[in-house]
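Beneath this line is the structure, given in structure tokens, with notes to follow.
Bear in mind that the values in this text are calculations on the coordinates, not laboratory data. For clarity, every value in this text was computed on a predicted model and none was experimentally measured. Every residue, glycine among them, receives a Cβ derived from its backbone with ideal geometry; neighbour counts consider all protein chains shown.
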Amino acid sequence: MKKRREHHEYDETDTTAWIDPKQRLSLKQLGFKLPPTPPTQVLSIRLPTFLLNQLRAKASAIDIPYQALIKMLLARSVHHKSFSGA
């Protein structure tokens, strides 16, 4: 019950005077911890049917999931020396 009263009193108090805008604090200093970035993210992409079928056939021929083949091809393309992207 005491905690509830303390929370209510805090919520009712104007705390803006407690903040010094000249002293910036990091999230860590404030006690906040951001969730870790996931190692993978979901991507939705539309591919021409014939291209997707070719990827599936190629993946099947080398006995790997087609999504894994797509990731491998993208990684090779990005890391290839002649890649002239941004």
remark   = Given trypsin sites (Lys or Arg not before Pro), DSSP loops and at most 11 other Cβ atoms within 10 Å, the longest exposed-site-free stretch of the chain is 47-80
task = Describe numerically, in nm with one decimal, the distance between label points set 7 Å from Cα along Cα→Cβ at Leu27 and at Ala61.
result = 4.6 nm
query = Roughly what would the spin-label model give for Gln41 and Asn53, points 7 Å off Cα along C-beta, in nm?
reply = 3.3 nm
task = Compute log10 of I(q)/I(0) for region 34-86 with the Debye formula, placing one identical point scatterer on every Cα and leaving out solvent, at q = 0.15, 0.25, 0.29 Å⁻¹, to two decimals.
result = -0.58, -1.07, -1.13
request  = Go through region 1-46 and name the chymotrypsin sites (Phe, Trp or Tyr not before Pro) that are in a DSSP coil and have 13 or fewer other Cβ atoms within 10 Å of their Cβ.
outcome  = Phe32
note = Under the 7 Å Cα-to-Cβ spin-label approximation, Ser77 and His8 lie apart by a distance in nanometres of 6.1 nm
